[in-house]
Amino acid sequence: MPDWRQIFGNDNPLALEIGCGMGDFVTQVAQLHPDWNFVAIDYYNKGCLKTCKRIDDLELNNVRVVRDEARGFMVRCIPPESLQAVVINCPDPWPKMRHRKRRLVNGEFVAFLADFMLPGGDFHFATDFDDYGEDVARMMPGIAGFENVLAPDFYRHTREQYPLSKYMKKFMAEGKRIYFVHYRKQG
């Protein structure tokens with residue numbers, strides 16, 4: 001298992017972005033939180049390469065990029081109860097009804113994530129796909145050990161100080177809404 005403290009050269013909190021895409025979000029959030037370490041993971045090489053280029057251009061030292069599948073990577077490389085935050089922005093919505101079982105964010109996956117999160121760790125989810133946002137918002141109250149940070153709302157369509165990716169901005173410009181869900185792992 002990697003020693004993230006050695007890799008980053010510090011003891012700063014560790015956050016994971018699953019599905020970093022082209023690196024819009026992680027590079028913005030890394031600049032806002034230079035006292036945090038970010039691991040950005042994506043399954044696709046093109047996104048990882050673009051993310052690396054952005055990190056290099058901005059001379060960010062608090063981000064590492066990994067090309068891998070999320071579950072396997074976490075089992076192999078993330079110690080239990082080590083993540084201060086997990087972020088999933090605009091994952092594949094699998095819009096066809098027969099494909100929805102392929103959606104990444106479901107109760108089983110969030111329970112899996114909980115094992116890797118510190119007590120007080122934050123889970124952030126965002127999607128531009130209406131029924132995915134509503135499904136996750138309805139599912140989360142049933143996941144043991146998490147508290148809704150946005151309560152009494154189940155989701156919001158805006159979040160202050162939450163960096164928006166080019167993808168999110170594009171959809172918002174088209175009049176679509178982003179569904180933001182934010183939960184915190186309880187001790």
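The values are calculated or read from the model by the stated rules, or taken from the named source; none is laboratory data. For clarity, every value in this text was computed on a predicted model and none was experimentally measured. Positions of Cβ are backbone-derived with ideal geometry, glycine not excepted, and every protein chain shown enters the neighbour counts. Note: accessible area is taken over every heavy atom of the protein model, side chains too, but ligands, DNA and RNA are not part of it. Shrake-Rupley method; radii C 1.70, N 1.55, O 1.52, S 1.80 Å.
For the ranges 64-73, 122-131, what's the packing order if you count other beta-carbon atoms within 10 Å of each residue, average per peptide, and put the highest first?
122-131, 64-73
For Phe38, what residues show an amide H to amide H distance below 5 Å, using hydrogens built from the backbone and excluding near sequence neighbours?
So Phe38 has HN proximity to Ala15, Val63, Arg64.
Could you please state how large a percent of the accessible area of segment 108-147 is carbon and sulfur, counting protein chains only and using a 1.4 Å probe?
Result for segment 108-147: 52 percent of the exposed heavy-atom area is carbon or sulfur.
With a 1.4 Å probe and every protein chain kept in, tell me what percent of the accessible surface of segment 1-74 is carbon plus sulfur.
Its accessible area is 50 percent carbon and sulfur atoms.
Averaged per residue, what accessible area in Å² does segment 47-187 show with a 1.4 Å probe, protein chains only?
Result: 53 Å² of accessible area for each residue.
How large is the Kirkwood hydrodynamic radius of segment 40-187, in angstrom, based on all distinct alpha carbon pairs?
This gives a value of 16.4 Å.
Assuming R0 = 35 Å, can you tell me the calculated FRET efficiency for the pair Leu118 and Leu49, based on Cβ-Cβ distance, to the nearest 0.05?
0.70
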